[in-house]
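Okay, structure first, notes after.
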Amino acid sequence: MDNLQFGSFVAQLRKERNMTQKELADILHVTDKAVSKWETGKGFPDMKLLEPLARALGVSLVELMRGERLEADALPVAEAEQVVSQAMNRSQQTTARRYLKLLSALLIGIGALCLLQLIPVIGFLIYLGQFNPLFASDDYGIIGGADGPTAIITATHTFTWWDTWGGILISLVGLILCIVLAVKVIRLTKKMK
């Protein structure tokens, strides 16, 4: 049984009982969006919700998992084990997809932070003349005071390799790693569907 078959069976049973998605969701203490996802085959309920869902819809757990009503109450043990195993696998896949989506969002966020960190560092280096040969001198003099006393401020700073390129390098490596890992996680998530 696939998610579409399960979802259409849940929708059929819900409609037979004259329940809205919201009413079913309230019984199970979930959102109506969750019920909608189940019914459209875009999601599967958590394992702990299967028994209350079966009770709310007036069918046995085995009938719910098979996606059809059974004629006889008896079901071979092997078939019942297979149905339960399928339900557990589906629930685990849904949980794994949730965690993968969370991980991809986290990686995208870290990558964005790395990118944001690169922007001021590059701007600062341009300002100090690291990339502009006109201002490549280590001595800077600022003379001000057109409307008051003249102030002369001089600053000398010698940048080491790490001061100049360390922050950029770390941010750039972090950004590249986040992009590569996010792409791999997104592909893995798509494969699981």
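The numbers here are math on the coordinates, done by the rules we state, and not lab data. Bear in mind that the values here come from a model prediction, so they are computed numbers and not experimental data. Here the Cβ is made from the backbone with ideal geometry for all residues, glycine too, and neighbour counts use every protein chain on show.
Assorted remarks:
- Extension gain (nm, one decimal) between LYS15 and ARG187, 0.36 nm per residue minus Cα-Cα: 58.3 nm
- In nm, spacing of pseudo-spin labels at TRP165 and ASP26 (7 Å Cα→C-beta vector): 6.6
- Rounded to whole numbers, the Karplus 3J(HN,Hα) couplings from phi for the stretch 173-178 are 5, x, 4, 5, 4, 5 Hz, using 6.51 cos²θ - 1.76 cosθ + 1.60 with θ = phi - 60°, and x at Gly and Pro.
- Taking θ as phi - 60° and the Karplus parameters 6.51, -1.76 and 1.60, the scalar couplings of the stretch 98-107 work out to 4, 5, 5, 5, 5, 5, 5, 5, 5, 5 Hz in sequence order, x denoting glycine and proline.
- Label-to-label distance, nm, for residues given as ILE179 and SER8 (7 Å Cα→Cβ offset): 4.4
- Model label zone, LYS42; criterion: amide N under 15 Å from point 7 Å along Cα-to-beta-carbon; scope the stretch 19-34: 31-34
- Gain in span if fully extended, GLU51 to TYR99, counting 0.36 nm per residue against the direct Cα distance: 14.9 nm
- Spread of Cα-to-Cα distances over 5 Å intervals beginning at zero, given as percent, for the stretch 3-75: 3, 18, 31, 30, 12, 4, 2
- Computed lengthening from ARG69 to LEU172, 0.36 nm per intervening residue step minus Cα-Cα distance: 31.3 nm
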